[in-house]
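Student: Let me give you the structure first, and then I'll get to my questions.
The values are calculated or read from the model by the stated rules, or taken from the named source; none is laboratory data. What you see is a predicted model, and the numbers here were worked out from it, not measured in a lab. Here Cβ is always computed from backbone atoms with ideal geometry, including for glycine, and neighbour counts include all displayed protein chains. Just the protein is used for accessible areas: all its heavy atoms, side chains included, with ligands, DNA and RNA removed. Shrake-Rupley method; radii C 1.70, N 1.55, O 1.52, S 1.80 Å.
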Amino acid sequence: MIDLKYLQKNFDEASTKLLKKGVDTQTLETLKELFSTLKEANAEFEEAKAEQNKMSKLFGTYMREKKDVGELKVQIDAKKEQLVGLQSTARQAEEALQNVALAMPNFPDESVPNGADEDDNIELRKVLEPRSFDFEPKEHWALAEINGWIDFERGVKLAKSRFAVLRGDAARMERALINFFLDVNRKRGFEEVCVPFINNAKMLQGTGQLPKFEDDLFKVEGEDLYLIPTAEVPLTNLYNDEILTTKELPILLTGYTPCFRKEAGSAGRDTRGMIRQHQFDKVEMVAIVEPSKSEEIFEMMVENASDILTQLGLPHRVVELCGGDLGFSAASTIDLEVWLPGQDKYREISSISNTRDFQARRAKIRYKDGKKNVLVHTLNGSALAVGRTLVAIMENYQNEDGSITIPEVLKKYM
RNA sequence: CGGGAGAUGUCAGAGUGGUCGAAUGUGCCGGUCUUGAAAACCGGUGAGGGUAAUACCUCCGGGAGUUCGAAUCUCCCUCUCCCGGCCA
């Protein structure tokens, strides 16, 4: 959630910032008004409540002194009646504010480039030269068929479209990649955790998936629970509603989880192959840090993910997202895109974001800075998306006969 | 899923209608003492909102109710623990 006090005091600056992310000033104006309405309503309610509290205390005194309370009771009753109205006004104001505030995306950082969509993203650098083929490189689904690695039909049979089954060496490689990623992250100082793959609504709200993106989530019927769309949710919310000490920070976490997404808005996109599935494996990094450290940790996380790709010998590029392409919670994001020779394209394989205090405010994650409680900064990033890495290995390590060479670093894992 | 017990501050644990945001112990921070540390002693120490700062408001798992007044009484929900069933 954005800082409403900041919005109120620096409205013009705030609207300039959010314009970058495609939020119109009208919505912001509404939010600002709802905020001041709430403050007024609260003030009025609290004042009346204070009077009532005072009278109730007096009532007790009268009782003890055996004075007549008839007159006082009449006054209290009148005040109570007034309070009912004031309270419901205040509650309505609160609710109205929450509805808008929770749907408001994060401010982008100053440094985030302007732009409407991914075409305006900025390539920062390329890492590793794509290899040249002396034959026509195949796409991964063709290779999957030759090697019997991916059973798309039976995945659909078991669940529905956008589900697949990995078989044989592909299944083993999936597992090998997870282990490899976790090991690398652990060596960087991330604590490995294994978390529930189903989280409650409060947690999903904490990281920003709810209430706005409910349609993208698989919900457990009849329960206040959702399948996680990313490990960012459980890892970040591990510290939901907690006050940490400076000694505990920074907290660096890594974990493997499957991720579940409805892909509601992407009908028809990447229907072929394993790029866009309803369920996929991912190893995630999450950092919970003091605000002054978030820049530095962010760089480290990008470096770490890029390094994993390099170790795997996978050519990739580092891309800075423009304002229009930033996710809801992100203040800044760097994507890593891996080269897919079969598709002749770079495709996203990791996304690393700094959400600043946006998620911290929603999830109430603070730390004690001397006497004061201060919101932490939270960061998250994939290291890496496992299924897409498998795809990248297939396409980059394919041989003319369709066979696939195992990357050197994975050999000890398989 | 059935039977029983419970949910209070970092933790432990009092509190059964007002003067309780809450005893006491513990932890933590600061100080005295000490060559240093420990011990002992003294002081401070929950969260959110509000304010220039005070006032003031809210919070004793969550919600509704009774009452002039609720941590305390009633109802519902959730969760935890113990016993039984089922089960990886």
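Student: May I ask you to list the residues in segment A:192-221 that are in contact with a helix residue (DSSP H, G or I) (Cβ under 9 Å, 6 or more places away or on another chain), open to solvent by 80 Å² or more (accessible area, probe 1.4 Å) and in contact (Cβ under 8 Å) with a residue 60 or more places away in the chain?
Tutor: Residue satisfying the conditions is A:E192 alone.
Student: Moving on to the next point. What are the residues in segment A:250-285 that are without any contact (Cβ under 8 Å) to a residue 40 or more places away in the chain, in contact with a Phe, Trp or Tyr (Cβ under 8 Å, 6 or more places away or on another chain) and either surrounded by fewer than 19 Cβ atoms within 10 Å (Cβ to Cβ) or not in a strand (DSSP E or B) (or both), if any?
Tutor: Those that are without any contact (Cβ under 8 Å) to a residue 40 or more places away in the chain, in contact with a Phe, Trp or Tyr (Cβ under 8 Å, 6 or more places away or on another chain) and either surrounded by fewer than 19 Cβ atoms within 10 Å (Cβ to Cβ) or not in a strand (DSSP E or B) (or both): none in segment A:250-285.
Student: Which one is most open to solvent (accessible area, probe 1.4 Å) among residues in segment A:339-381 that are within 15 Å of RNA strand B (Cβ to nearest atom) and part of a loop (DSSP other than H, G, I, E, B)?
Tutor: A:K371
Student: Could you give every pair whose Cβ atoms fall below 6 Å, whose first residue belongs to segment A:1-24 and is touching a residue at least 60 places away in the same chain (Cβ under 8 Å) and among the hydrophobic types (A, V, I, L, M, F, W, C), and whose second residue is within 16 Å of RNA strand B (Cβ to nearest atom) and open to solvent by 40 Å² or more (accessible area, probe 1.4 Å), counting only separations of at least 6 or pairs across chains?
Tutor: A:M1/A:R361
Student: Sticking with this one: Considering only segment A:1-40, how many residues are assigned to a loop (DSSP other than H, G, I, E, B) and over 25 Å from the mean Cα position of the chain (by Cα)?
Tutor: Total satisfying the criteria: 1.
Student: How about segment A:89-207: which helices (runs of 4 or more DSSP H) wholly inside it have at least 1 residues that are modelled with pLDDT of 95 or more and hydroxyl-bearing (S, T, Y)?
Tutor: It comes to A:201-207.
The rows are residues; the columns are (1) of a type in the set (D, E, K, R); (2) open to solvent by 60 Å² or more (accessible area, probe 1.4 Å).
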{"residue": "A:L18", "(1), (2)": "no, no"}
{"residue": "A:K49", "(1), (2)": "yes, yes"}
{"residue": "A:K57", "(1), (2)": "yes, yes"}
{"residue": "A:E71", "(1), (2)": "yes, yes"}
{"residue": "A:V84", "(1), (2)": "no, yes"}
{"residue": "A:R91", "(1), (2)": "yes, yes"}
{"residue": "A:V100", "(1), (2)": "no, no"}
{"residue": "A:A103", "(1), (2)": "no, no"}
{"residue": "A:G115", "(1), (2)": "no, no"}
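Student: Quick one: which of A:E248, A:E191, A:E242, A:E174 is within 28 Å of A:P105 (Cα to Cα) and either of a type outside the set (D, E, K, R) or in the same structural domain as A:Y346 (by TED's automatic domain parsing) (or both)?
Tutor: Answer to the selection: A:E242.
Student: Before we move on, is A:R317 in a strand (DSSP E or B) and surrounded by fewer than 24 Cβ atoms within 10 Å (Cβ to Cβ)?
Tutor: For A:R317, the condition - in a strand (DSSP E or B) and surrounded by fewer than 24 Cβ atoms within 10 Å (Cβ to Cβ) - is met.
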